[in-house]
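Structure first, then comments.
Just so it is clear, none of the values below were taken in a lab; they were calculated from the coordinates. All figures in this text were calculated on a predicted structure; none of them were measured in a lab. When we count neighbours, we look across all protein chains shown, and the Cβ atoms used for this are built from the backbone with ideal geometry, even at glycine.
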Protein chains: 2
Amino acid sequence: MSGVRAQQKEKTRRAIIDAAFSQLSAERSFSGLSLREVSREANIAPTSFYRHFKDMDELGLTMVDEGGLALRQLMRKARQRIADGGSIIRTSVETFMEFVQHHSNVFRLLLRERSGTSAAFRAAVNREIQHFIAELADYLEDYGKCSRELAVMEAEAMVTLVFNAGAEALDLPAAARKPLAERVINQLRLIAKGAAALKHDRRFSE
Amino acid sequence: MSGVRAQQKEKTRRAIIDAAFSQLSAERSFSGLSLREVSREANIAPTSFYRHFKDMDELGLTMVDEGGLALRQLMRKARQRIADGGSIIRTSVETFMEFVQHHSNVFRLLLRERSGTSAAFRAAVNREIQHFIAELADYLEDYGKCSRELAVMEAEAMVTLVFNAGAEALDLPAAARKPLAERVINQLRLIAKGAAALKHDRRFSE
DNA sequence: TTAATTTGCGTACACCTGTACGCTGAAAAA
DNA sequence: TTTTTCAGCGTACAGGTGTACGCAAATTAA
């Protein structure tokens, strides 16, 4: 009972997932991949694909989950850096932009499927984004001492802007990404400033 | 020289464009359309398609241009309503959300191709969005009496948030869209407030 | 040992795709 | 009038797709 069988199966499963990720690019989205092509890249027969996923959609959802997980793990590290005395806004943005740079295909998947043609995909991506928003809102509520309502609104706006900046970065040469990061940092500061000003406004403290 | 020929050609061209727009949906993106299917819907032979567009990409770019134009025209009306005494933020957001509701397929096209697989498409959509940002920045610079730099940053953030809200609205039943509009209105106010607070900040007035 | 599971492969089929080519009929130009 | 132009059609082909089905080999269970 060494489980050599389950082990080999897992290996093939990984090969499929990796093959799919590696075929994503600026010019190729998930819906543009074919079962046959992914199988070819993974060195298995097309029909063997079904031993691991019931169809391409199931593979795609797995990839979204994995991508979201990877992103969340990275941001967890960012929070450590923040705890060690880094600026919250700058550290978060820079960590995020690093992720976009080094895992472009993962980010592309999340970005595109967020407005893709499958409701399940859209829901999965939004779930990942909501994780972000909730965590950031917790922080803002605690640190900024503002109402939950305001904190959530602020967090949503911030995450939206950061995500959008990541999307823009994809089309830019590496050299041109720094000013973009600085821009979004300033935009987040703008929001933080606005939230501070609004903190005691009656509309958001009832 | 009645031009009955050119007239008929234009009619067919329109039929193709309309057919393509009508086939877009939540479940179907532009890249999922086929030349044959569009031609079928437009009641022409597949090979006749080439009399009007050299390939599907050329059709798509035409659609992006048309969609962007329609959106800009609508927002021009919004500015009239503002001039007649409406709130700038509320009027703009509500006008935009009406567009999303009544021309979902047009908005979906812009939304998806912004992060799509064709660099030309992405550039075309971004061109449309830049129109928006520039116009809004003009207004903010004038009305808010702030620096160009701050105005552009503020406008970019606002347009990003509104666009994002439009995307979310697509997956919501019509009834649930009003709270979403209110939310984004509050987010824009947050930014406006932040910009006002930062207006005389040294960093943005040099 | 024998029997049952299960991963992976090869073949086969029906279906859809883009597009090359040549023809027709009607509008426009000569 | 005769000639030219050109939108639109039908046929045809090569190439890609998803997936049903049955077989082989090897791990696991009895």
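Key figures for this structure:
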item: Cα-projected label distance for A:LYS54 with A:ARG72, points at 7 Å along beta-carbon direction, nm; result: 2.4 nm
item: Hull volume in cubic angstrom per residue (convex hull over the Cα atoms of region A:1-53); result: 66 Å³
item: Cβ-vector label at 7 Å, B:ASN126, separations to other copies in nm; result: 2.7
item: Set A:LYS193/B:LYS199; A:LYS178/B:LYS199; B:LYS9/B:LYS54; A:LYS9/A:LYS54; B:LYS77/B:LYS193 screened for pairs whose C-alpha atoms are more than 18 Å apart; result: A:LYS178/B:LYS199; B:LYS77/B:LYS193
item: Alpha-carbon radius of gyration plus Dmax, which is the widest Cα pair, for chain A in Å; result: 19.9, 66
item: Copies compared at A:ARG51 - label distances in nm, ascending, label defined 7 Å from Cα in the Cβ direction; result: 5.3
item: For chain B, calculated [θ]222 nm from helices alone, where every DSSP H run of n ≥ 4 adds -39500 (n - 2.57); result: -25000 deg cm²/dmol
item: Angstrom value of the Kirkwood radius, inverse mean 1/r, which spans all Cα pairs in region B:88-206; result: 15.2 Å
item: Residue list for region B:37-55, given a label point 7 angstrom along the Cα-to-Cβ vector of B:LYS9 and an amide N cut-off under 17 Å; result: B:48-55
item: Per the axis that maps chain B onto chain A, nearest residue of B (Cβ criterion) and its distance in Å; result: B:GLY194, 1
item: Relative contact order (percent, whole number), region B:60-204, Cα cutoff 8 Å, 6+ residue spacing; result: 26 percent
item: Helix runs (DSSP H) in chain B reaching 24 Å along axis by Cα, Kyte-Doolittle at least 0.0; result: B:148-170, B:177-198
item: Solution diffusion estimate, µm²/s, Stokes-Einstein, the protein assembly as shown, Kirkwood Rh from C-alpha pairs, 37 °C, viscosity 0.692 mPa s; result: 141 µm²/s
item: Inter-copy label distances at A:ARG40 (7 Å, Cα→Cβ; nm, one decimal); result: 2.6
